[in-house]
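One structure is given here, and the rest of the page talks about it.
The values are calculated or read from the model by the stated rules, or taken from the named source; none is laboratory data. Just so it is clear, the structure is predicted and the values come from calculations on it, not from any experiment. Reconstructed Cβ throughout: ideal geometry from the backbone, glycine too, with neighbour counts over all protein chains shown. Areas reflect the complete protein model, heavy atoms only, side chains present, ligands, DNA and RNA absent. Shrake-Rupley method; radii C 1.70, N 1.55, O 1.52, S 1.80 Å.
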Amino acid sequence: MFEKSLYDLIRGLRNHKGNEKEYIQNSLKECRAEIRGQDMDLKATALLKLVYLEMFGHDMSWASFHVLEVMSSAKYLQKRVGYLGAVQSFRPDTEVLMLATNLLKKDLTSTSVTTMTLPIITLPHVITPSLAMSVLSDLLPRLTHSHPAIRKKTIVTLYRLALVYPETLRPAWPKIKERLMDESEDSSVTAAIVNVVCELGWRRPSDFLPLAPRLFELLVDSGNNWMAIKLIKLFATLTPLEPRLVRKLLPPLTSIIRTTPAMSLLYECINGIIQGGILDSGDDSVGGEEIATLCVTKLRGMIMVEGDANLKYVALLAFNKIVLTHPYLVAQQEDVIMECIDSPDISIRLRALDLVVGMVNSDNLMSIVGRLMRQLKNSRSATAEELNHRPAPIEPSADSDDESPEAAIKNAKGASDAPLLPDDYKVDVITRILEMCSGSNYGNLVDFDWYIDILTQLVRTAPIPDATSSTSNPEPGQNDLKVDVSEKIGDELRNVAVKVKAVRLQAARAAETILVSTYNDSSSNLTSGSGILRPIAWIAGEYASYLASPEGTLTALLQLTKGATPPESLIFYLQALPKIFSMMAGDEQLAWTPERKTMISLLMARVIHALEPLAIHPDLEVQERAVEFSELLKLAAEAATGQEPSQDDAQDAPLLLTQAIPSLFIGLELNSVAVGAQKNVPIPSNLDLNQPINANLSNLLKAVEFSGFDAVDEDEFEIYYHKPEAQSQSVAEPATNRLGAAEEPVHSYQQGGEESYLDPDIVARRRAERLERNKDDPFYIPPSDRSGGSTPLHNILQSNNGTDMDIDAIPIMQLDLGKTAANKAGQPSTKRPSASKARQRIQVAADETLATSGTSTPRNDDSENSLEGHQRPKAKGKHSLLQVDSSHIGAFSLEGDGSSEPIDYERQQREEAEMAKAMKEVERLRLEMQRASERIEAAKGVEGTVVKKKKKKPKVVEHEGEEDGSVAVVKKKKKSKKSVIDDGSLDPEAAADVVKPKKKKKKKAKIDEGIVDPEGVVDS
Amino acid sequence: MINAVLVFNNAGQPRLTKFYTQLETSVQQRLISEIFALVSHRPTGSCNFLPLPPLLASSGTSSSSSPHEHNDIPSLVTYRHYATLYFIIISTATESPLALIDLIQVYVEALDRLFENVCELDLIFNFETLHACLAEIIVGGVVVETQLERVVEGVKSQGRVAKRPVNESRGVALGGMGGNFGWAGR
């Protein structure tokens, strides 16, 4: 057969551009054959090739037994390949690991340094508790090996052993400590110990306090920056336990900060001071403030350094930690931090974003949010540009169908130089904005009008997945996130509407605008399925009396209920419809004139027409609501036709319209309720949820099933009523605003220019409102285009001149110093004084809880949510992908040598000897069995394929299947070794029998079958 | 501690993968491609730290978490770009970010010493040496050596370092350290 070296393989790969797949499959096949052969050289080469291919994602777990074979080779270079194979391919469930124990132990005691190194560096990758237990006795003596390279590696390996098998530390720690204390120890070994202690330190800092003097000595004298960094990190975990350390540490730390040329060390010093809680130690003599200022100035310097983004990044990281304790110090650095928010580097941006959330207060909230909004807006306009370039009207950042996700990201990013932000980032920014504004129950927010405008703007900027993809997208997680964020914005608007009575009108109007524009405005990216429309529809319904045009809103809602609207949204729309209707129709005062009658009848006909098709909607919830409301309206329609109209007040409107329907929706005002308050509601004693409401329910349902409703086709009626109105009230914007206003760069020198992040129509409305508000203010200078010949003051004088002099009418009464001063100072046309807003004393309702609530009620959820609230629960339970679980070791005390029951080291060794004996026996059995199975295989001949193999390895040839089996037996026998050895049985079946009662995992059952099966085959 | 060391080229082809925790091969590949997607489109002059790839970010960590509770979770992805190659280190919060950048430099310099003007091809054909060199610097996710001489010495003690095959060396002028390997070949 043609043999290929690794070199040939790689050459071949490079020569087979285009059909690599085929080439790799062929190579794998060859490797499979080669690795089975007897020639060790060939085996090792094949293994090396497999390891190489594994790097590209070609599974080699099937070869684990051969890895073991190569590992046991006598030649060092082959052995090295074997060990590399083990490192790269062994997984916790690799079964041959049991067989490797002896080999590892043997190599650990090798005379050659290089050979000995192999098991030491391999063990951390394959370690299991039982393996740790058995190799520990061989590893420990290596701590005193004459070669420093062996010593330092052994120390680290012992640490990894301790992570899975904490008992390791009991015999190992005293020796490691001895090494650490030894001043003549090799510097690399000392550094390695420090690294290990640093890793162990944060779990159980108290155990390492006694080492502090030695560590301190190392910090001051060693002059090794790498080690100093680790030492400082270690001290940062120790200082909270021993406050006296602070005083000792500060002089060297500050001197390092002032003198060191190494930026990394400087940074870690500052970081150590922050993390060690030195900043906020109550001790005045330490001069915490002074230190804090020093740190902050240094960090500021790091951000300011031109051209070194890494320093920016780490400085932001450090600020993120300071902000928890000293938010004001960080807030002073707002200018440099805000620079970072606009950095082209997304890593830096994200860190700055984290930071901003922490340092926000009522003074800087608006400017920070404004900045973020501008980012979102600008990125969106870049998107619009992109749209013009591309024929397909899809968002460039959205996944395209035919490409892999990575490629799509590439395209989106590489397509233009404009800051085209990935959607994830946008979502993040939006979430942060909402978080900042709503934090501590809107405590930082002074201007709710502004907030509502921000929310309206966010609705337009938010990345919204189109409705079709939300149902068919294969990646639900990602999509949920996006739906979530748009719905979050809606929820915010709803919260404001509910909690802040003062701006309820504005909130309702905003909701109305969004609803109407969804259906009117083709440029709107909202669809009837958008999550945001759910809370929006609720607002429109609940606060229908605030709507500017209930009629238009109703039309929009009716339109939304059509088409392929998801049921979750339909529920909301359906509920909002009758609310708006009852508001429109239910006026008691109005006379029942013929016009009114006609109008209301028509209105009802329209609503009923829209509801009827939904009465057979497959979703039960939708169906129920549709049926309820349409039946109710039909009754009302009947009543309306029955009631004769009259021109005077003689005839009242039907009671059903004026009394019954409104009473469904009017009652106590709805308030926001704290999360968890519901739990405090006592369950009524007579409530039995198991009792059927109607015993005959299923029959009833069957009877009603499908009573031939045809889908209503688009008719004249429909077209007449549901055609969008040409212009709806609030979208009307001055034509001048459309003239190139959109892409205008910011001219204002003030950061707060709203034009830069709000859409023109919103800005126009704000300006109009401002004019309205200030029209009585003599000192308010209106924008030039509006100011005619007469000033407001002039007007007032004129109007007052005719009448008698009335002291109260003198405009001076309206002077408000705070307001006017601010007005004059700021640019009247753009900047609105926040001071005037602050005076408004807007009341924000707090969440309601039950009065009887015990301790379980979260007091005020908003304030707790702000920073840590989200993460706490997550931290538990789930394990991160690459995480090394060291939780076991946390419970292990180093100092408790005598107190807690000591595991007898000698006894353990005795046990190990016994185990070794047993293992030998097992090995012998295995060989016997292997030979037996080989005989069976030979007997089977061609029909060997009958053997059932483990599902996990579908391609394994049966030879391996049996090996698996034998391995499993070995494993089992280890547990029940006594019985097996007494038994002395060599028959695999018998062995399996012995094993069976001890079986723990179901998985093993299959393997046992694997052994029995060949027997069966032979019998047949 | 260090959770993984990865090396891949400008096309995302892995040249070295070393995970200090056991991970399914398929998951490893996904992680590599996610990181590659992140790293391959960094604007010039950006920092050497990556935001967490989705695979790591989803597993329950957030950047603004308190420092002491999540020390087990990989929270830092540091990279360095040399000519055609990206060197990546994934680590937990117990490592110093700036020191990790230097550590990558140590690794690359050691390789340069071993191969004399190292280039991507050397690493492709001698990936065993690549592993051996890494094992001199990091064992089980903990840094054991940072001195260049000792690392080189350690690798050389294991046997002769193979040279690149003669006929492969055309156009392979990948020399010079400090981020400006000038490999113009291919």
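Using only protein heavy atoms and a 1.4 angstrom probe, determine the accessible area buried between A and B, summed over both sides, in Å² to the nearest 100. When A and B are taken together, about 7600 Å² of accessible area is lost. Per residue of A:550-563, other chain Cβ atoms within 10 Å of the residue Cβ number 0 on average. Fully extending the segment from residue A:110 to residue A:20 would add 28.2 nm, taking 0.36 nm per residue of separation and subtracting the current Cα-Cα distance.
From most to least packed by mean Cβ count within 10 Å, the peptides A:290-301, A:127-138 give A:127-138, A:290-301. A 1.4 Å probe, protein heavy atoms only, puts the accessible area of residue A:90 near 0 Å². Amide H contacts of residue B:3 (H built 1.01 Å from N, in plane; Pro and chain starts excluded): B:90, B:91, B:92 sit under 5 Å, all sequence-distant by 5 or more or on other chains.
The mean number of partner chain beta-carbon atoms within 10 angstrom of a residue's beta-carbon across peptide B:17-26 is 6.
The string of couplings for region A:233-240 from the Karplus curve (6.51, -1.76, 1.60, θ = phi - 60°) is 4, 5, 4, 4, 8, 7, 4, x Hz, one whole number per residue in order, with x for Gly and Pro.
Ranked by the mean number of other Cβ atoms within 10 Å per residue, highest first, peptides A:145-154, A:504-513 order as A:504-513, A:145-154. Counting Cβ atoms of other protein chains within 10 Å of each Cβ in B:47-53 and taking the mean gives 6. Per-residue 3J(HN,Hα) values for region A:220-225, derived from phi via the Karplus relation 6.51 cos²θ - 1.76 cosθ + 1.60 with θ = phi - 60°, read 6, 9, 5, x, 9, 5 Hz in sequence order (x marks Gly and Pro).
Placing R0 at 41 angstrom, the Cβ-Cβ distance between residue A:184 and residue A:206 gives a FRET efficiency of 0.90 after rounding to 0.05.
Separation of region A:652-668 from region B:84-100 is 68 Å, based on Cα centroids. Given axes a ≥ b ≥ c from the Cα gyration tensor, I'd like to know whether region A:563-613 is rounded (a/c under 1.5), prolate (a/b larger than b/c) or oblate. Oblate.
For region A:527-575 and region B:19-50, compute the distance between their C-alpha centroids and round to whole Å. So the separation of the two Cα centres works out to 44 Å.
With a Förster radius of 45 Å applied to the C-beta separation of residue A:605 and residue A:690, the computed FRET efficiency comes to 0.55.
How would region A:504-625 be classified by its alpha-carbon gyration tensor: rounded, prolate or oblate, with rounded meaning a/c under 1.5 and the a/b versus b/c comparison settling the rest? It is oblate, given that a/c is not under 1.5 and a/b is not larger than b/c.
In this structure the amide hydrogen of residue B:138, modeled in the peptide plane, comes within under 5 Å of the amide hydrogens of B:144, none closer than 5 places in sequence on its chain.
Please identify which residues in region B:73-106 have an amide N closer than 15 Å to a label point set 7 Å out from the Cα of residue A:260, following the Cα→Cβ vector. Within reach of a label on residue A:260, which here means backbone N under 15 Å from a point 7 Å along Cα→Cβ, region B:73-106 contributes B:95-103. Distances between placed amide hydrogens fall under 5 Å for residue B:41 paired with no residue 5 or more residues away or on another chain.
Pairs from the list A:230/A:321; A:29/A:105; A:153/A:248 with a Cα-Cα gap above 26 Å: A:29/A:105; A:153/A:248.
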